[in-house]
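Working notes, beginning with the structure itself.
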Amino acid sequence: MIIKGMGGRWLVAALAASAVLTSGCAAPIDADELPGVYRSDKTGAEIRLDSDGTFTASDISAGEAMGSGGTDPLDFSGRWEFVDNGTSVDAGMSYAYLTTKNGGRGKISDIQLYVNARVAVGGKEILPRGPLVVDIQPDPDGPPTLVLTKTATP
């Protein structure tokens with residue numbers, strides 16, 4: 001395909017710039033970093049991811065976990081697994097998939113706990129890694145309903 005004229009040059013330049021920008025990717029999250037205690041200073045909610053693939057959650061409401069439901073704090077537990085989207089377009093969307101035991105007392109079902117990611121271009125980290133932060137975002141078009149930060153000690 002041949003692109004002629006000034007408009008064609010702009011199109012080629014825009015496509016080239018897009019290719020350069022999209023070649024940057026999120027640095028992968030190491031699943032071994034995930035186990036630990038995550039807490040919300042704002043609400044007191046807590047999720048503990050254990051290295052054996054189990055989790056416990058306390059003081060998390062159905063509204064925070066599912067985007068709808070009550071505001072009463074609930075405690076629930078189950079199993080978790082890391083879903084690594086690697087360096088794909090969805091790399092920033094890696095998450096821990098929490099499967100609740102016994103349906104989370106009938107109020108909470110499975111939850112995706114999204115993990116923050118370092119942004120990297122050409123293998124070089126742009127944003128420094130602070131404390132690991134996870135969030136629950138039931139509506140992909142909406143803001144997170146709960147943000148938790150990994151604590152230094154359990």
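Near the amide H of S61, within less than 5 Å, lie the amide hydrogens of L74, all on another chain or at least 5 residues away, with H placed in the peptide plane. Residues K101, K42, sorted by accessible area with the largest first, give K42, K101 [1.4 Å probe; ligands and nucleic acids excluded].
The values are calculated or read from the model by the stated rules, or taken from the named source; none is laboratory data. As the structure is a computational prediction, the values presented were derived from the model and not from experiment. Remember, those area values only see protein heavy atoms, side chains included, never the ligands or the DNA or RNA. Shrake-Rupley method; radii C 1.70, N 1.55, O 1.52, S 1.80 Å.
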